[in-house]
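Every number here is computed from the coordinates shown, using simple stated rules; none is lab data. Just so you know, these numbers come straight off a predicted model, no measurement behind them. With ideal geometry, Cβ positions are generated from the backbone for all residues, glycine too; neighbour counts draw on all protein chains shown.
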Amino acid sequence: MSDVIMEMQYQTESSWPTDPFLTKVGSSGDGPLEKIERLAAENAVVIFSLSTCCMCHAIKRLFCGMGVHPTVHELDEDPKGEEMEKELARLIGDSSVVPIVFIGGKLVGAMDRVMASHINGTLVPLLKEAGALWL
């Protein structure tokens, strides 16, 4: 089992650590996990979303309002979206999956984690480090 997958399993098998930016992804392949890893590794900011979800819309607006142009992957428009949604739920250890955000290849988490990072001032430095924000 690769180190990346082992890190992700650790993330789901234990409680969330105090640093929500623990998990790093970046391999490739054909399965849902590999597609998630590839998208996260190839883009500064990735939002896994459902096109009809109001929370997903809110997180997209947050990033766009900050001048960040995230890659948005609409799970309901992907033929393998259900499988990806199950894999994302497994990664974060929660059944309420979307929106899920990756920044700089690192799993940030769901809406609550992104908003907590924004409020405590760690979101902007993370976006700058990932090359998604140049302010």
Exercise. All other residues with a Cβ under 12 Å from the Cβ of Met66 taken together, and with Lys, Arg as +1 and Asp, Glu as -1, what is their net charge?
Worked result: +3
Problem set entry | Positive-end residue of Cys53, Ser96, Leu107, charge dipole of the range 49-135 with Cβ unit charges | Leu107
For this session: Taking a cut-off of 25 Å between Cα atoms, list the lysines near Lys128, but don't count ones fewer than 8 places away on the same chain.
Result: Lys24, Lys35, Lys60, Lys106
